[in-house]
Amino acid sequence: MSKTDTDAPGTAAVSDLPSTDAPPRHRWWILAVIGLAQLMVVLDGTIVNIALPSAQKDLGFSDGDRQWIVTAYALAFGSLLLLGGRIADLFGRKMTFLVGLVGFAVASAVGGAANSFEMLVTARAAQGVFGALLAPAALSLLTTTFTDPKERGKAFGVYGAIAGAGGAIGLLLGGLLTEHLDWRWTLYVNLVFAAAAFIGGAVLLQRTTRDKSTTLDVPGAVLVGGGLFSLVYGFSNAEHNDWSSPEVWGWLVAGAALLAAFTWWQTRSSHPLLPLRVLLDRNRGASFISVLISGAGMFGVFLFLTYYLQQSLGYTPVETGLAFLPMVAALMATSTLASSVLVPRIGPKPVVPLGMGMAAAGMIWMTGLDLSSTYTTGVLPPLLVAGLGLGLVMSPAMALAVDGVDARDSGVASATVNAMQQVGGSIGTALLNTLATSAATDYLVGKDPRDPAVQAQASIEAYSTAYWWSAVFFAAGLVASVVLYRRGVPKQDPDAAPVVHM
């Protein structure tokens with residue numbers, strides 16, 4: 001890599017080189033504060049899902065609109081992560097961390113008090129914006145706080161464990177709060193996390209020196225944010241309009257054009273939001289695509305299976321949260337197996353495609369679920385297969401996304417792979433929700449929509465359609481990973497900073 005590349009300023013999280021100063025005396029307490037903030041951000045990805053049916057009933061929004069509760073957060077978070085890292089460099093990591101906490105708490109309070117669908121979606125988008133400030137600043141603070149390689153490894157291990165377990169905790173906590181208090185408490189609970197993390201951060205964190213050489217790539221942020229929003233909005237419009245309608249293809253074309261303009265701009269900007277050299281390695285490119293596709297399929301499963309369990313099978317919110325835990329356990333088991341045993345021995349080329357194939361098989365299996373299915377024989381087997389497959393995909397893909405990058409590019413690579421998961425979830429959720437709603441509408445043609453049995457079967461048709469298309473996503477991921485990943489075991493840089501899921 002040329003000197004110009006290695007001297008490029010970092011964009012996010014782990015782009016800082018290790019400090020030569022003495023480590024902070026209270027660094028393990030600082031880890032606790034950062035971990036608490038990370039838990040809050042990760043929880044929000046799943047805790048609201050369990051509450052969605054209750055929120056929909058309370059606020060009266062349609063099946064077509066429900067996906068925006070998930071998408072508004074994921075889209076804002078994913079599209080602004082790279083910019084959030086730049087802001088942390090420009091205004092200081094402590095300040096950015098504290099502002100992110102306060103903003104996230106305020107947005108959560110507004111969402112909890114929402115009296116309309118529009119107010120809730122706006123609050124969720126605001127959560128995503130402040131989460132995009134908070135997550136890179138937290139990861140950057142972790143890197144600069146722990147300068148000893150052994151201590152840093154332990155700290156990243158704890159941080160990664162919080163990230164991995166946060167989704168499962170969110171499912172269970174979301175069920176408990178929704179069932180025993182109210183769905184609004186899935187948002188209000190963030191005030192407790194944010195207050196504790198803010199007090200700890202204000203007391204323990206040291207004010208960092210601002211990087212005066214850093215500038216914000218505002219045009220790049222506008223182009224990529226506008227492009228992603230246009231794609232998601234275009235897919236969402238297909239629910240109410242034909243695919244040939246300008247309301248659909250017009251937005252999709254605009255999104256593609258804005259993303260193409262973003263790519264062009266990154267070759268011209270002096271401080272690009274996403275230096276294109278990060279994307280050019282085959283393994284990294286394959287990893288970004290794998291995370292994008294698996295994010296699309298995984299978000300869809302959580303959304304539609306939540307509605308199936310609660311509305312079709314009559315599960316309580318707590319039972320729904322518990323129902324997902326075996327999938328999370330399976331995902332974490334194969335994730336550990338893939339990263340510690342399989343990829344170091346045989347490389348990613350056999351492992352990731354196998355995971356994609358298993359996830360696709362799990363989705364196809366789920367299409368057989370109906371109103372008479374039981375959890376033990378109907379839901380659990382395909383859920384475990386999908387979880388096992390996702391673990392084989394996510395861990396190698398997220399690790400290889402930063403493999404071989406220069407130290408000053410590791411931050412932007414880390415932020416990009418996390419953004420890919422959120423963006424994939426946004427696009428996948430919008431597209432799957434549109435296809436599912438259209439399937440339900442088509443089923444109701446010529447039937448009495450007031451008949452509860454007809455309505456129930458229409459929902460089953462919607463969910464089945466979503467699972468089929470999720471299987472198509474994973475099948476495309478299988479082909480892409482087979483074609484793009486290099487053969488053999490990738491060479492690992494022992495000094496490289498680890499990637500952490502945000």
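Filter region 220-273 for residues that are over 17 Å from Leu83 (Cα atoms), of a type outside the set (A, V, I, L, M) and open to solvent by less than 60 Å² (accessible area, probe 1.4 Å) and give the result.
Once the filter is applied, which keeps residues that are over 17 Å from Leu83 (Cα atoms), of a type outside the set (A, V, I, L, M) and open to solvent by less than 60 Å² (accessible area, probe 1.4 Å), region 220-273 yields Ser230, Gly234, Phe235, Ser236, Asn237, Glu239, Asn241, Ser245, Gly250, Gly255.
What number of residues in region 110-120 are open to solvent by 30 Å² or more (accessible area, probe 1.4 Å) and assigned to a helix (DSSP H, G or I)? Give the steps one after another, and end with the answer.
The first filter runs over region 110-120 and keeps only residues open to solvent by 30 Å² or more (accessible area, probe 1.4 Å), leaving 110, 113, 115-119.
Now drop any that are not assigned to a helix (DSSP H, G or I), which leaves 110, 117-119.
Matching residues across region 110-120 total 4.
Starting from residues that are at pLDDT 85 or above and in contact with a Leu (Cβ under 7 Å, 6 or more places away or on another chain), keep the ones in region 305-321 and report whichever is surrounded by the most Cβ atoms within 10 Å (Cβ to Cβ).
Only one residue fits best here, namely Tyr308.
May I ask you to say which residue of Thr429, Thr437 is part of a helix (DSSP H, G or I), of a type in the set (Ser, Thr, Tyr) and modelled with pLDDT of 80 or more?
On the way: Thr429 fails: modelled with pLDDT of 80 or more.
Just a single option satisfies the conditions, and that option is Thr437.
Return the total of residues in region 338-383 being surrounded by fewer than 18 Cβ atoms within 10 Å (Cβ to Cβ), outside any helix (DSSP H, G or I) and not small (Gly, Ala, Ser).
Total meeting the criteria: 4.
Could you list, in sequence order, all residues of region 322-337 that are surrounded by 20 or more Cβ atoms within 10 Å (Cβ to Cβ) and of a type in the set (S, T, N, Q)?
Matches in region 322-337: Thr334, Ser335.
Is it true that Ser140 is in a helix (DSSP H, G or I), hydroxyl-bearing (Ser, Thr, Tyr), at pLDDT 85 or above and surrounded by 24 or more Cβ atoms within 10 Å (Cβ to Cβ)? Explain how you work it out, then say what you get.
Numbers: in a helix (DSSP H, G or I): yes; hydroxyl-bearing (Ser, Thr, Tyr): yes; at pLDDT 85 or above: no; surrounded by 24 or more Cβ atoms within 10 Å (Cβ to Cβ): yes.
No; evaluated as a whole, the condition is false for this residue.
Any chance region 38-47 includes a residue that's polar (S, T, N, Q) and closer than 16 Å to Thr429 by Cβ?
Of region 38-47, the ones polar (S, T, N, Q) are 38, 46.
Filter once more, so that each one left must be closer than 16 Å to Thr429 by Cβ: 46.
So far as region 38-47 goes, yes, one or more of its residues are polar (S, T, N, Q) and closer than 16 Å to Thr429 by Cβ.
With the structure loaded, tell me whether Val99 is within 24 Å of the chain's Cα centre (by Cα) and at pLDDT below 80 or whether it fails that test. Write out each step before concluding.
On the way: within 24 Å of the chain's Cα centre (by Cα): yes; at pLDDT below 80: no.
So Val99 does not fit the description; no.
Is it fair to say Phe104 is over 22 Å from the mean Cα position of the chain (by Cα), buried (at least 18 other Cβ atoms within 10 Å of the Cβ) and on the phi < 0 side of the Ramachandran plot? Steps first, please.
Working: over 22 Å from the mean Cα position of the chain (by Cα): no; buried (at least 18 other Cβ atoms within 10 Å of the Cβ): yes; on the phi < 0 side of the Ramachandran plot: yes.
The answer is no for Phe104.
Quick check on my filter: what residues within region 24-43 are in contact (Cβ under 8 Å) with a residue 60 or more places away in the chain, in a helix (DSSP H, G or I) and either touching a Pro at 6+ places or on another chain (Cβ under 8 Å) or surrounded by fewer than 20 Cβ atoms within 10 Å (Cβ to Cβ) (or both)?
First pass over region 24-43, keeping only residues in contact (Cβ under 8 Å) with a residue 60 or more places away in the chain: 24, 26-27, 29-43.
Going one step further and asking which of them are in a helix (DSSP H, G or I), we end up with 27, 29-43.
Within region 24-43, Arg27, Trp29, Ile30, Ala32, Leu39 meet the criteria.
Only one of (1) surrounded by fewer than 23 Cβ atoms within 10 Å (Cβ to Cβ); (2) small (Gly, Ala, Ser); (3) in contact (Cβ under 8 Å) with a residue 12 or more places away in the chain is not met by Ser79, so which one is it?
Every listed condition holds for Ser79 apart from (1).
The values are calculated or read from the model by the stated rules, or taken from the named source; none is laboratory data. Fair warning: this is a prediction, and the values are worked out from it, not measured in the lab. Every residue, glycine as well, gets a Cβ built from its backbone with ideal geometry; the counts of neighbours run over all protein chains shown. Protein only, heavy atoms only, side chains kept; ligands, DNA and RNA dropped before computing areas. Shrake-Rupley method; radii C 1.70, N 1.55, O 1.52, S 1.80 Å.
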